[in-house]
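These notes concern the structure reproduced below.
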Amino acid sequence: MTETNLANRLKSNDKEAINLLYNQYSKRLYQFIYRYLKTEADTLDLIQEVFIKLWSNRSRLQNDSNLESYLFTIAKNSIISTFRKKISEKDYFDYIKHKAVNTNSLATEKQVDFDLLSDEIDKLIDQLPKQRQLIFKLSKEKGYSNKMIAEQLKISIKTVEDHITKARKFIRENLQEYGLLALLFLELFAY
């Protein structure tokens, strides 16, 4: 099927056309995106985003649109956006860290050494039951989706969600002595 035909089918809201394009380009997009993002979960999310953007913008397609070029342009722009977001998050983290170390405005809060805090979180993870520890690490360190973890470990998604919820609760409860900034660090940046 020609790209012109696929573009016309997309413009006429033919959902099968998007499936055909996905089957044709998703593997190449995966390789392209993975080279930059380096995690399977982020790569799969971005591939989904590319096809959602294509579908959302289908009415703007020209009959002679080069769909392959269009898909890879969306992917490239999405990768750039992802990097910008990560840089912004890092800048914000640095700002929070700076504020935590250099301010006395929270007199009741302890000053937090973020390296020690990160080590403390790792120690708490090591205290989790083995199955919960594995699930938590696959989710937070490897970036696996709940579905991927469930498939890999041959358990239900609900079980995965339950383990992650209980792990987060355990870590949060044991970080309370470090104060509000530690909990903020946990929520925004670490896990």
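Every number here is computed from the coordinates shown, using simple stated rules; none is lab data. What you see is a predicted model, and the numbers here were worked out from it, not measured in a lab. Cβ: placed from backbone, ideal geometry, glycine included. Neighbour counts: every protein chain shown.
Within the shell defined by Cβ-Cβ distances under 14 Å, the residues around residue 33 carry a net charge of +2, with Lys and Arg each +1 and Asp and Glu each -1. The lysine pair tally for the range 3-85, using Cα distances under 29 Å and a gap of 8 or more places or different chains, is 16. Between beta-carbons, use under 11 Å as the cut-off and find the net charge around residue 22, counting Lys and Arg +1, Asp and Glu -1. Here the charged neighbours net out to +1.
Residues in the range 1-17 near a label at residue 55, defined as backbone nitrogen under 13 Å from the 7 Å Cα→Cβ point? Residues passing the 13 Å test: 10, 13-17. A full extension of the chain between residue 36 and residue 147 corresponds to an added length of 37.6 nm, given 0.36 nm per residue minus the alpha carbon distance.
Taking label points 7 Å from Cα along the Cα-to-Cβ direction, residue 81 and residue 134 give a separation of 3.7 nm.
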